[in-house]
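Notes to accompany the following structure.
Rule-based calculations on the coordinates, nothing more; no lab input. Fair warning: this is a prediction, and the values are worked out from it, not measured in the lab. Neighbour counts are summed over all protein chains in view; Cβ atoms, including those assigned to glycine, are modelled from backbone coordinates with ideal geometry.
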Amino acid sequence: MYDFTYQKPGTVADAVKLLGADDEAKALAGGMTFIPVLKQRLNKPSVVVDLSKLGLSGISVSGNTVTIGAMTTHATVAGSPEVKAKLPALAALASGIGDNQVRHRGTIGGSLANNDPSACYPAAALALGATITTDRRTIAAGDFFHGMFTTALEQGEIITAVSFPVPEKAGYEKFPNPASRYAMVGVFVAKTAAGARVAITGAGQGGVFRHAGLERALSANFSPDAVAGVPISADDLNSDIHASAPYRAHLIGVITKRAVAKAR
C-alpha cells in the first residue's frame, strides 16, 4: 500500500468537502474492492475518506417504493423483512453476493458506485428502473451506468440512497464463478405494467446492459418458454479464461429462463 491520509467525517457535507478538495481523494464504503486494489498498489489515493459514520444506512418503504441507504450492507438487504415482502428478488440477489464476510461489509452504494462489470446490484437497478440519489441530485439507473467501472458520478459526489419501484414480479439468477462468486452471467428480470425489463451483468464488455429482444418476448408472454426463440448474439460479450463469448451468449438464454421461473 502507498501512504495516504485517512479521514472519517461525521456528515455528508464534510465528506463531500474532503473529496472535492483533492482530485486524488477516494471514498471508502465497504472496501470490498477498494482495499484489495490498495494492497495491490493499483491505486494511489492522497486521501481516503471513510463514509461509515455518515448515517447512510437503513431501509424504508413508501407505497410501492423501497428505498435503501447507500451504506446498507448486503447482509442487511438480504435479511430485511421489508425487502423480502416487497422485493424478494432483491433480497435473494443480496444473499448470493460473495461470502458471509463480504455480505456483512460490502454496501449497496459502494457496489453501484464501483460498477464492476460482474456485480449483481447494477442488474437489479437497471431492470427495476431504480433511482440513485446523491448528495446533489437524483439519477435514473438508465443514465447512471456509463460502462465498465464508469458511472455518472462526478468528482466528490456521494450516493446517499437507492430507490426501487416494486414491479408485478421479479427474479434474479446468476451463473457464478466458483471461486469469486462474481456473476459470469447474471440476469435480473422484472414484469412491470409497462412491460418486461431484462438486465444482464457479467457478460458484456461494457458492463451491465438491457436486452431488447428478451424484453419484447417476455412482454408478450412472461414465461420461461418465451425465451426459447430469442436470438442472443455473442458480439460485444466478454471472452476470457472463464468462458468464451458464445458460451456466455448461451448462458444468457439459460439463466434468463431460470430467472423468469423464479420470479414472484
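Which loop-located chymotrypsin sites (Phe, Trp or Tyr not before Pro) does the stretch 97-188 contain, where loop means any DSSP state but H, G, I, E or B and the Cβ has at most 13 other Cβ atoms within 10 Å?
On the way: sites: PHE144, PHE145, PHE149, TYR172, TYR182, PHE188; in loops: PHE149, TYR182.
For chymotrypsin sites (Phe, Trp or Tyr not before Pro) across the stretch 97-188 that sit outside H, G, I, E and B with at most 13 neighbouring Cβ atoms in 10 Å, the list reads PHE149.
Grab the beta carbon distance between ALA179 and ALA13, set R0 = 30 Å, and tell me the FRET efficiency rounded to 0.05. Don't skip to the end; give the middle numbers.
On the way: r = 41 Å, r/R0 = 1.36.
That pair, ALA179 with ALA13, gives E of 0.15.
Sequence-distant or interchain residues sharing an amide H contact under 5 Å with VAL66, placed H: which?
Here PHE164, VAL166 satisfy the definition.
With just the Cα atoms defining each centre, how far is the stretch 165-227 from the stretch 96-124? Give it in Å.
The distance from the Cα centre of the stretch 165-227 to that of the stretch 96-124 comes to 17 Å.
Could you tell me which of ALA259, TYR247, HIS211 has its Cα farthest along the dipole of the stretch 169-262 towards the positive end, charges placed at Cβ (Lys, Arg +1; Asp, Glu -1), taken about the Cα centre?
ALA259
Comparing PRO36, PRO81, PRO45, which has the greatest mean-square fluctuation in the GNM of the chain with Cα pairs linked when under 10 Å apart?
Maximum among the listed residues: PRO36.
Among rounded, prolate and oblate, which fits the stretch 169-262 when a ≥ b ≥ c are the square roots of the eigenvalues of its C-alpha gyration tensor, a/c under 1.5 means rounded, and a/b larger than b/c means prolate? Walk me through the numbers before you get to the answer.
Working: a/c = 1.97, a/b = 1.61, b/c = 1.23.
Cα axes put the stretch 169-262 in the prolate bin.
Sort SER244, SER57 so the one with the fewest other Cβ atoms within 10 Å of its own Cβ comes first.
Arranged by neighbour count, lowest to highest, SER244, SER57 become SER244, SER57.
FRET efficiency for THR5 and GLU82, Cβ-Cβ distance as r, R0 = 35 Å, nearest 0.05?
The calculated FRET efficiency here is 0.35.
Among all the lysines, which ones have a C-alpha under 29 Å from LYS17's C-alpha, if same-chain residues fewer than 8 places away are not counted?
Counting by Cα, and skipping residues close in sequence, LYS17 has these lysines nearby: LYS8, LYS26, LYS39, LYS44, LYS53.
Once you've got the GNM for the chain with C-alpha springs shorter than 10 Å, pick whichever of GLN205, GLN155, GLN101 has the biggest mean-square fluctuation.
Its mean-square fluctuation being the largest, the pick is GLN101.
Cut-off is 10 Å between beta-carbons; in what order do SER118, SER60, SER163 appear when sorted fewest neighbours first?
Neighbour counts put them in this order, fewest first: SER60, SER163, SER118.
Pick the calculated Cα extents along the principal axes in Å for this structure from (1) 55, 45, 31; (2) 58, 40, 38; (3) 54, 54, 49?
(1)
Classify the stretch 50-182 as rounded, prolate or oblate, taking a ≥ b ≥ c as the square roots of the eigenvalues of its Cα gyration tensor: rounded when a/c is under 1.5, otherwise prolate if a/b is larger than b/c and oblate if not.
Rounded shape, in that the Cα axes give a/c under 1.5.
Taking 0.36 nm per residue of separation and subtracting the Cα-Cα distance, what length does fully extending ALA21 through SER233 add?
71.8 nm
Out of the GluC sites (Glu not before Pro) in the stretch 162-238, which ones are loop residues according to DSSP with at most 16 other C-beta atoms within 10 Å?
GLU168
Determine the gain in length on full extension of the stretch ASN43-SER62; use 0.36 nm per residue of separation and subtract their C-alpha separation, reporting nm with one decimal.
2.9 nm
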